[in-house]
Amino acid sequence: MYKEDCEVSKSLVNTGLDSLSNEETLQLDDNLKPLSVFPNPFQNYISIQSPQKDQMVLKSVEGKIIGIYNIEEGLTKINSSFFNDGMYIITFMNQNKTFKLIKQ
């Protein structure tokens with residue numbers, strides 16, 4: 001039985017039976033992976049998985065800026081083979097996230 005003053009917000013499918021089924025489709029966006037930085041500790045490269053473009057600032061623990069990098073959406077690899085061993089702080093400007101990494 002239908003009420004004429006109802007508003008239907010979901011699609012209804014008549015199956016030819018006395019009942020109606022309500023079908024919804026759930027779609028996942030694989031590009032919405034969270035921001036991650038790996039491996040930690042690192043040696044020759046740092047990998048960044050980012051859901052959006054960003055700017056990354058790499059600093060020593062003393063606060064000295066080592067480099068500023070443009071990060072693409074998806075996976076970005078940074079050559080870190082020339083970094084000295086020690087701890088580093090990475091800040092992502094647009095996503096307001098900070099990570100501590102160790103170079104071995």
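Please treat every number below as a calculation from the coordinates, not as lab data. Predicted model only: the values in this text are computed from it and were never measured. Counting neighbours? That spans all protein chains shown, and the Cβs are built from the backbone with ideal geometry, glycine included.
Please list, ordered by chain and number, the residues whose modelled amide H lies under 5 Å from the amide H of Gly67; skip anything fewer than 5 residues away on the same chain.
Leu58
Enter the per residue convex hull volume of region 31-103, computed from alpha-carbon coordinates, in Å³ rounded to the nearest integer.
Once divided by residue count, the hull of region 31-103 is 74 Å³.
On a full-extension model of 0.36 nm per residue, what is the gain between Glu72 and Ile102, subtracting their alpha-carbon distance, rounded to one decimal in nm?
Extending this stretch completely gives an extra 8.5 nm.
Using θ = phi - 60° and the Karplus relation 6.51 cos²θ - 1.76 cosθ + 1.60, list the HN-Hα couplings for region 80-86 in order, rounded to whole Hz, with x at every Gly or Pro.
10, 5, 8, 6, 6, 4, x
Extension gain Asn79-Gln43, at 0.36 nm per residue separation less the Cα-Cα distance, in nm?
Extending this stretch completely gives an extra 12.0 nm.
Note down the nm distance, to one decimal, between modelled labels 7 Å out along Cα→Cβ at Ser36 and at Asn94.
About 2.1 nm, to one decimal.
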